[in-house]
Amino acid sequence: MISSKKEHGPRENRFRAHPWHGLSLGEKSPEIVNCYVEIVPMDTVKYELDKETGLLKADRPQKYSSLCPTLYGLLPRTYAGGRIADYCIKKTGHKGLVGDGDPLDICILTEEAIVRGDIIVRAFPIGGFRLIDGDQADDKIIGVMADDLVFGKIADIAQCPETLIERLRHYFLTYKDDPGQGPKKVQITHVYGAAEAREIIQLASLDYKDLFME
């Protein structure tokens, strides 16, 4: 009789890993990081990771015609907690901020037409947006997909086409707007470069360890 172990492999490999907790940030992080992609530029529905199950869920339809111009997802084993909030307070002078309580978000530049989310890509951070949503620090890291033939030589956000950065900025300043309800209280206080993006990823990794790995 063939044992269950031989039929199905080791018990720990029978089930899909949770994209937030089961995937590592990467051996070379924060220089190169693993990213879990939730949204691609063609999506007219905002998908996001369901934290309990680890499955991708439909959060809401995009209420305006503006769509995210890049791949958009999260960095595994990161968390916007106290360190992220304190760093944002230090840089902006805004008092009373908290982390948004989610994994760190990342936008990934690539020339490739990736048509679906729920995938893992490797990217290197080139900068980010210091975004404040109400009283929450909600940084958006910007990265380039590893080995990309068009964007792959960009090492810092300062080397990006300005129109692309402005398009991303417009998306994040308006993506939570609700028709008939007026604009949401979202602001981008700074656009920062690669070195600061790596520092923020490290802080979010420490916030994650504080919360989940004590």
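Out of the stretch 10-51, which GluC sites (Glu not before Pro) are coil in DSSP terms and have no more than 12 other C-beta atoms within 10 Å?
When the GluC sites (Glu not before Pro) of the stretch 10-51 are filtered for loop state and at most 12 Cβ neighbours within 10 Å, E27, E31 remain.
So which trypsin sites (Lys or Arg not before Pro) in the stretch 105-137 pass both tests, a DSSP loop state and at most 16 other Cβ atoms within 10 Å of the Cβ?
Qualifying residues, ordered by number: R116.
Would you mind checking the tilt of helix 162-174 against the longest principal axis of the Cα atoms of the chain, expressed as 0 to 90 degrees and rounded to 10?
80
For the stretch 4-212, just the Cα set please: Rg and Dmax, both in angstrom.
Spelled out, the Cα radius of gyration and Dmax of the stretch 4-212 are 17.1, 59 Å.
Sort M213, M145 by Cβ crowding within 10 Å, fewest neighbours at the top.
Listing M213, M145 from fewest to most nearby Cβ atoms yields M213, M145.
Every number in this text was worked out from the coordinates using simple rules, so none of it is lab data. Computed from a prediction, not measured in an experiment: that's the story for all the values here. FYI the Cβ positions are ideal-geometry reconstructions off the backbone, even for glycines, and counts take in every protein chain you see.
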